[in-house]
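Colleague: Take a look at this one; I'll ask things after.
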Amino acid sequence: MRRILVTGGTVFVSRFVANYFAQKCDDVYVLNRNSKPQLPNVTLIEGDRNDLGAKLKSYKFDAVLDITAYTQEHVEKLVNALGKIGDYIMVSSSAVYPETNPQPFTEEQTCGPNVHWGAYGTNKLAAEEYLRQAVPHAYILRPPYLYGPMQNVYREPFVFECAEAGRKFYIPGDGSMKMQFFHVEDLCRFIEILLTEHPAERIYNVGNPDTVTISDWVKLCYDAVGTDLETVSVEGHHQRAYFCFHDYDYYLDVSKQTALMPEVKPLAEGLKESYEWFRQNRDAVMRRPYTENIHANILTEPGATPASSF
């Protein structure tokens, strides 16, 4: 049994990670402010990671899984609050790669600002750089879009709701924009490999080896619900006003991950799991006004699809 600290533990990725390792019979502690319901099979350390004082000094953890580090300050204060540090794994982001880099992005490429991600990406990069100096043996993971059960972000849940209502789906352009995904369970499986095998590499892109177009992803979401898909192409509108992803093609090279973990969950299977969770947990999702924006801005254009069909 390992004693593991998971930062967060209340929503989506951090909650899934905490639950995954607790079900593996690890002794899991979660660090959060206790503002949301806790998992039943973990131990809560109530506190703000920005104001920990001596709260963690009496604990000895075999591993720290830092899921909620978004800034250098987050990492710096947590590292300083810990006693002796065993394994440390930080979930960063592929947003640390400038959009001007050649694709697929590799771990060896120069990192820097990305116009699509702004401060989110530069803050993640600053957190990485501090961690590499402070804890040289730490691992850093750079995922693309994460998905799966416990998803509280209005991505696939938005498409599921459109499918449930039998709506036409308003898709950006010709739907050919490419995206890359990674199931949260595969993320946990890879973390477990790092904790067990301790490979020499310290930074890993993680994700499904293949990309998927917007059109194919939306079709898989509709298939998960069991609804036929009809799309309407949208041009000339800011994509994030009516669709759940940035207007940004990108592709990570995940060959280093694949060498350690050859198999990942097929996207169709993962989306079915995500939908089954969503059906039972609708109130956990943070909705955005995509539907309202479609009604207000797209369906009012001359020649637009009648509102009744939406």
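Colleague: With the chain treated as a Gaussian network of Cα nodes joined by springs under 10 Å, which of P266, P149, P37 yields the largest mean-square fluctuation?
Modeller: P37
Colleague: If you don't mind, there's one more thing I want to ask. When ranked by the protection proxy of mean other Cβ atoms within 10 Å per residue, highest first, what sequence do the peptides 222-231, 14-23 form? Write down the numbers at each step before the final one.
Modeller: Values: 222-231: 16.4, 14-23: 22.7.
Ranking the peptides 222-231, 14-23 by packing returns 14-23, 222-231.
Colleague: Just need the relative contact order of the range 200-300 here, percent rounded to a whole number, with Cα pairs under 8 Å and 6+ apart.
Modeller: 42 percent
Colleague: Follow-up question, since we're still on this one. What does the accessible area per residue of the range 183-234 come to in Å², with a 1.4 Å probe and no ligands, DNA or RNA counted? Display every interim value, and only then the final one.
Modeller: On the way: 2060 Å² over 52 residues.
Ligands and nucleic acids excluded, the figure is 40 Å² per residue.
Colleague: Further question: On a C-alpha basis, how far is the centre of the range 1-68 from the centre of the range 274-298 in Å? Whole number, if you could?
Modeller: Answer, in whole Å: 29.
Colleague: Work out the FRET efficiency for E73 and K256 from their Cβ-Cβ distance, taking R0 = 22 Å, and round it to the nearest 0.05. List each step's numbers first, then the result.
Modeller: Values: r = 29 Å, r/R0 = 1.32.
After rounding, the FRET efficiency stands at 0.15.
Colleague: Can you send over the carbon and sulfur percentage of the accessible area for the chain, probe radius 1.4 Å, protein chains only? Intermediate values should be presented prior to the final figure.
Modeller: Working: 6490 of 13530 Å².
Ligands and nucleic acids excluded, carbon and sulfur give 48 percent.
Colleague: Something else about it: Among P40, I85, N123, pick out the residue whose Cα is farthest towards the positive end of the charge dipole of the range 1-126, where Lys and Arg carry +1 and Asp and Glu carry -1 on C-beta, about the Cα centre.
Modeller: P40
Colleague: If packing is taken as the average count of other Cβ atoms within 10 Å, what order do 245-252, 62-69 fall into, highest mean first? Provide the component values of the computation, followed by the final result.
Modeller: Working: 245-252: 17.5, 62-69: 22.8.
With the highest mean Cβ count within 10 Å placed first, the list reads 62-69, 245-252.
Colleague: In nm, to one decimal, how far is the modelled label at A119 from the one at S58, with both set 7 Å along Cα→Cβ?
Modeller: 3.7 nm
Colleague: Using helices alone, I'd like the mean residue ellipticity at 222 nm for the chain: each DSSP H run of four-plus residues gives -39500 (n - 2.57), total over residue count, nearest 500. All intermediate terms of the calculation are to be shown ahead of the outcome.
Modeller: Working: 9 runs with 97 residues, N = 310.
After summing the helix terms and dividing by the residues of the chain, the value is -9500 deg cm²/dmol.
The values are calculated or read from the model by the stated rules, or taken from the named source; none is laboratory data. Everything numeric here is computed off the predicted structure, so don't read it as measured data. Counting neighbours? That spans all protein chains shown, and the Cβs are built from the backbone with ideal geometry, glycine included. Surface accessibility is based on the protein's heavy atoms, side chains included, excluding ligands, DNA and RNA. Shrake-Rupley method; radii C 1.70, N 1.55, O 1.52, S 1.80 Å.
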